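Since the structure comes first, as structure tokens, the remarks are kept for the end.
Every read-out reported here was derived from the displayed coordinates using simple, explicitly stated rules and does not represent laboratory data. Remember, it's a predicted structure, so these values are computed and weren't measured experimentally. Don't worry about glycine lacking a Cβ; one is built from the backbone with ideal geometry, like all the others, and counts go over all protein chains shown.
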Amino acid sequence: MESGCIFCKILAGQAEASMVYRDAQVSAFMDIQPVNPGHVLVVPNTHAEDLAALDTATGRRIFEIAQQIAAAIYRSDLRSEGINLFLADGEAAGQDVFHIHMHIVPRFDEDGFGLKFGPDYANLPARAELDLAAGLLRAQLGT
Ligand SMILES: [Zn+2]
């Protein structure tokens, strides 16, 4: 447990949460500031600040449970015409609690939520630029 981490406090039973799911690796509870009703967070039970600190087995489990919760949202009476899975890694990406977490956000037409694209988004890059980026990533992956 990381002192000062609100998610660690929730997992230790020292802070209130509306729990949805818990197993040996991950837990899921309602976001206290939901984008829409039914907004759930899935977190690793062991503190991991970001993706780099998260072991891949737990990462797989987070996605697996997020997928099951998304299906549960669709089956429930919560309004949901679509669902976003969203994970913010780092402050620049919008991470606000530094205990990595996956958002599961029910969506519906005109709910007011969305991603905001930058000013250059409409300008498609040249293939050479995409190939360059792909090469940089392949070098890091060792593929
Ligand atoms: Zn934590």
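Tabulated data
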quantity: Qualifying residue in the range 91-109 (condition: without any contact (Cβ under 8 Å) to a residue 40 or more places away in the chain, over 29 Å from Asp55 (Cα atoms) and part of a loop (DSSP other than H, G, I, E, B)); calculated: yes
quantity: Residue among Ala28, Ala122, Ala71, Ala53 that is under 17 Å from the mean Cα position of the chain (by Cα) and over 29 Å from Glu2 (Cβ atoms); calculated: Ala71
quantity: Residue match in the range 33-43 (condition: over 16 Å from the mean Cα position of the chain (by Cα), farther than 13 Å from His101 by Cβ and either within 16 Å of the ligand (Cβ to nearest atom) or in a loop (DSSP other than H, G, I, E, B) (or both)); calculated: yes
quantity: Qualifying residue in the range 48-61 (condition: touching a strand residue (DSSP E or B) at 6+ places or on another chain (Cβ under 9 Å), within 16 Å of the ligand (Cβ to nearest atom), of a type in the set (Ser, Thr, Tyr) and not in a loop (DSSP other than H, G, I, E, B)); calculated: yes
quantity: Output for the range 1-32, where each listed residue is within 13 Å of the ligand (Cβ to nearest atom) and not hydrophobic (A, V, I, L, M, F, W, C); calculated: Glu2, Ser3, Gly4, Lys9, Gln14, Ser27
quantity: Residue in the range 1-22 that is surrounded by the fewest Cβ atoms within 10 Å (Cβ to Cβ), counting only those that are touching a helix residue (DSSP H, G or I) at 6+ places or on another chain (Cβ under 9 Å) and of a type in the set (D, E, K, R); calculated: Glu16
quantity: For Gly82: the one exception among (1) surrounded by fewer than 17 Cβ atoms within 10 Å (Cβ to Cβ); (2) in contact with a helix residue (DSSP H, G or I) (Cβ under 7 Å, 6 or more places away or on another chain); calculated: (2)
quantity: Considering residues of the range 23-58 that are out of contact with any helix residue (DSSP H, G or I) (no Cβ under 6 Å at 6 or more places or on another chain) and under 16 Å from Phe113 (Cβ atoms) only, the residue surrounded by the most Cβ atoms within 10 Å (Cβ to Cβ); calculated: Leu41
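Okay, residues lined up against (1) out of contact with any Lys or Arg (no Cβ under 8 Å at 6 or more places or on another chain); (2) closer than 18 Å to Pro106 by Cα:
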{"position": "Phe7", "(1), (2)": "yes, no"}
{"position": "Ser18", "(1), (2)": "yes, yes"}
{"position": "Met30", "(1), (2)": "yes, yes"}
{"position": "Pro37", "(1), (2)": "no, yes"}
{"position": "Leu54", "(1), (2)": "yes, no"}
